[in-house]
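Following: one structure in structure tokens, then a few remarks.
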Amino acid sequence: METCRRSALALMLMFAVWPALSSNVLSQNYPVRPIRLLITSTPGGSVDTIARIVATRLGERLGQQIVADNRPGAGGIVAAQVLAKAPADGYTLILGSAPLLALNPSLYKTLPYDPLKDFAPVSLVGSQDLVLVVNPSLPVTSVKELITLAKRRPGQLSYGSAGNGTGSHLSGELLKKLAGIDLLHVPYKGVAGALLDVAGGAVAMTFTTFLSSQGYVSAGKVKAIAVTGPNRSPATPELPTLIEQGVAGFESYTWYGILATTGTSRNVIGRLNTEIVVLLKQPETLSRLNSQNIQADSSTPAQFGKFIAAEIEKWRQIIRSAGINPV
């Protein structure tokens, strides 16, 4: 009888620890099947291009196919919902970005996901600076001169944006706050309209990507005077940052990173992070990202998590001070 009781107890103990043991074994062998990478945009856009570059190289290193799954809509919310509800096994990932993770929490009254609670950061992938361009007839050649002119004409200089709550809009609000100037915001439905009106003189300036503005700058239709990142961009090394030109603390750029579902094992997160860090140092990866004006930038999972939290708080303050009401 005693032997039977001991056998039963041992069997119960085995079944109790089996899920944890099996989960640990599976994570150590990860990955054993294809991985899905959620993309927040339609095929062909810059976000999609970046995601596919990373997916191809990461899949090669992991020895498994990474399937691109485009889920556009609602500022990335559609894709984020899929990740938040996915099993925490590392087989569903997302290429997150600044709008999805740092801006949406302040631009929407309610979100079906919490970027700090529902997602497990894996690593930053890269960043993309914006360029501050002005109409060629505007009598300025630097940010310092622009600020001086704006202080002489409070509320008279206008800046176009790709729309309310977009990166170009918030970059203008950040400049207003840090430089102590008053600019008139003119929202457009996309950056194309803003660039066209800067070239035509309807608005004085805009913040846009290098790729979007390159043709206008080369043709002399707009004048580039600064980049928005913390350091000069390899694509435009001749352009100083706003920080260099006296706007202390000005950093406004789009960043990208890989995330999994919260609860994903440390083994899986660690494996993904290790391979991403390595692939972002490979010349072919760097060349392909640079072609999209993306500067590679990896991190540890903990560093990425702290970065997201800091970005949420930074842009929350800017959005509130600008009087942008969440929808």
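Out of the residues in the stretch 29-59 that are touching a Leu at 6+ places or on another chain (Cβ under 8 Å) and charged (D, E, K, R), which is most open to solvent (accessible area, probe 1.4 Å)? Looking at the filtered set, the residue picked out is Arg36. With respect to the numbered conditions (1) closer than 15 Å to Glu313 by Cα; (2) surrounded by 21 or more Cβ atoms within 10 Å (Cβ to Cβ), which one is the sole condition not fulfilled by Tyr108? It fails just one condition, (2).
Within the stretch 164-179, residues that are under 19 Å from Ala248 (Cα atoms) reach partners that are among the acidic types (Asp, Glu) with beta carbons closer than 8 Å, at six or more positions or on different chains, in the pairs Lys176/Asp182. Restricted to the stretch 160-188, and to residues there that are of a type in the set (S, T, N, Q) and over 19 Å from Glu145 (Cα atoms), the residue that is surrounded by the fewest Cβ atoms within 10 Å (Cβ to Cβ) is Asn164. Filter the stretch 135-150 for residues that are in contact with a strand residue (DSSP E or B) (Cβ under 9 Å, 6 or more places away or on another chain) and among the charged types (D, E, K, R) and give the result. Matches in the stretch 135-150: Glu145 only.
Does at least one position in the stretch 189-212 carry a residue that is within 19 Å of Pro136 (Cα to Cα), part of a loop (DSSP other than H, G, I, E, B), open to solvent by less than 60 Å² (accessible area, probe 1.4 Å) and of a type in the set (Gly, Ala, Ser)? Yes, the stretch 189-212 contains a residue that is within 19 Å of Pro136 (Cα to Cα), part of a loop (DSSP other than H, G, I, E, B), open to solvent by less than 60 Å² (accessible area, probe 1.4 Å) and of a type in the set (Gly, Ala, Ser).
Applying the set (1) crowded, with 21+ Cβ neighbours inside 10 Å; (2) among the aliphatic types (A, V, I, L, M); (3) touching a Phe, Trp or Tyr at 6+ places or on another chain (Cβ under 6 Å) to Ile225 leaves exactly one unmet item: (3).
The values are calculated or read from the model by the stated rules, or taken from the named source; none is laboratory data. None of these values were measured; they are calculated from a predicted model. Here Cβ is always computed from backbone atoms with ideal geometry, including for glycine, and neighbour counts include all displayed protein chains. The area values use the complete protein model at the heavy-atom level, side chains included, leaving out ligands, DNA and RNA. Shrake-Rupley method; radii C 1.70, N 1.55, O 1.52, S 1.80 Å.
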